[in-house]
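Okay, so here's the structure we're looking at.
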Ligand code: UFG
């Protein structure tokens, strides 16, 4: 039976991916350098290697020890829009150069399928909503630029070496495994939903909402939230699509519904029953007004059916994780 290699499998989305693969009975191998991921987030049923995707000798050895790997699922990237504005080269080095090294080794060992986590951040400021896959990609931050470069690199690697890929352009990811055993844990945390819930827990004093003068009905940014389990299911469908010999393609993954930052705060207050103090602060660099996905292509071509399309149920799962693990994985390591 074929195996699947998840690079970046100890991160927030990667660990949910590994969990779903195991549930689906896939032989799962994980590579992570633990620079932002957590060893405790990775299922014991996966085979774990600590190391860097850009270290070609290390990666050659992973493929050598696991000759049945036919598909790589790629999460090994830095992903903070705000940080990328200040440290662009960190993003191009880790994300772009890391992918080039991985493709070189995949070419050497003859692994031909790659499922790639791309991003809504590749679109920049869209001129209409919802965003379709065929819309122009003009990123406004280095993170989005790095993911767009990675999409283009995969296209040329397909042309030259026949390495097929599916680029999955996620919108905003939030939520956790419903039993609260794994979830989102970044250090430092910068994402909206975990920060709101840390305020709810009293771990932070208040939420700062970055800007209320955007071109949206309440003036705060609008985002489209998708659950990591729904993302993971889309990756499994994409893996099967490639295993069936289908051509490379890109798909948006979102719920197709936008929520403003103020609406997310309101929903979190309802789910947690907590007051959650908040104030309006200045804008953060690199934030487009609104990002909402048209996801019908993934539904039609891959047969994707997201289950967490209601933002309250998504926040409930995030709350299960944060209330059980107020200090993240730290208290289990
Ligand atoms: N926000 C606040 N206060 C905070 C944190 C965030 O107001 O303390 C706001 C942001 O300004 C933004 C929204 O909440 O308007 C969402 O911000 P996040 O940091 O949670 O997420 P981003 O939209 O910046 O980025 C995320 C991923 C990216 C991905 C993008 C796609 O981190 O990798 O979604 O839309 F590209």
Within the range 44-70, tally of residues that are surrounded by 15 or more Cβ atoms within 10 Å (Cβ to Cβ) and either in a helix (DSSP H, G or I) or more than 18 Å from the chain's Cα centre (by Cα) (or both): 15
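Please determine, by comparing only the residues of the range 185-199 that are part of a helix (DSSP H, G or I) and touching a residue at least 24 places away in the same chain (Cβ under 8 Å), which one is farthest from the chain's Cα centre (by Cα).
199
Got a sec? Which of 225, 241 is touching a helix residue (DSSP H, G or I) at 6+ places or on another chain (Cβ under 8 Å) and either within 16 Å of the ligand (Cβ to nearest atom) or closer than 26 Å to residue 138 by Cα (or both)?
On the way: 241 fails: either within 16 Å of the ligand (Cβ to nearest atom) or closer than 26 Å to residue 138 by Cα (or both).
Unique residue meeting the criteria: 225.
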Looking at 300, 324, 307, 274, can you tell me which residue is in contact (Cβ under 8 Å) with a residue 12 or more places away in the chain, away from the ligand (no atom under 13 Å from the Cβ) and farther than 26 Å from residue 8 by Cα? 274
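Of all residues in the range 205-230, which are in a loop (DSSP other than H, G, I, E, B) and more than 21 Å from residue 314 (Cα to Cα)? Reasoning before the result, please.
Going residue by residue through the range 205-230, those that are in a loop (DSSP other than H, G, I, E, B) are 205-206, 211-221, 224, 227.
Those that are in a loop (DSSP other than H, G, I, E, B) and more than 21 Å from residue 314 (Cα to Cα): 205, 206, 211, 212, 213, 214, 215, 216, 217, 218, 219.
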The one condition in (1) touching a strand residue (DSSP E or B) at 6+ places or on another chain (Cβ under 9 Å); (2) under 30 Å from residue 100 (Cβ atoms); (3) more than 9 Å from the ligand (Cβ to nearest atom) that residue 156 fails to fulfil: (1)
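For every residue, the table says whether it meets (1) within 12 Å of the ligand (Cβ to nearest atom); (2) under 28 Å from residue 138 (Cα atoms); (3) surrounded by fewer than 22 Cβ atoms within 10 Å (Cβ to Cβ); (4) more than 19 Å from the chain's Cα centre (by Cα).
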position: 161; (1), (2), (3), (4): no, yes, yes, yes
position: 167; (1), (2), (3), (4): no, yes, no, no
position: 183; (1), (2), (3), (4): no, no, no, no
position: 203; (1), (2), (3), (4): no, no, yes, yes
position: 206; (1), (2), (3), (4): yes, no, yes, yes
position: 214; (1), (2), (3), (4): yes, yes, yes, yes
position: 235; (1), (2), (3), (4): no, yes, no, no
position: 257; (1), (2), (3), (4): no, yes, yes, no
Tally the residues that are touching a helix residue (DSSP H, G or I) at 6+ places or on another chain (Cβ under 7 Å) and surrounded by 14 or more Cβ atoms within 10 Å (Cβ to Cβ), restricting the search to the range 288-327. 14
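A short reminder: the numbers here are calculations on the coordinates, not readings from a lab. Note that the coordinates shown come from a computational prediction; the quantities given were computed from them, not determined experimentally. Every residue, glycine among them, receives a Cβ derived from its backbone with ideal geometry; neighbour counts consider all protein chains shown.
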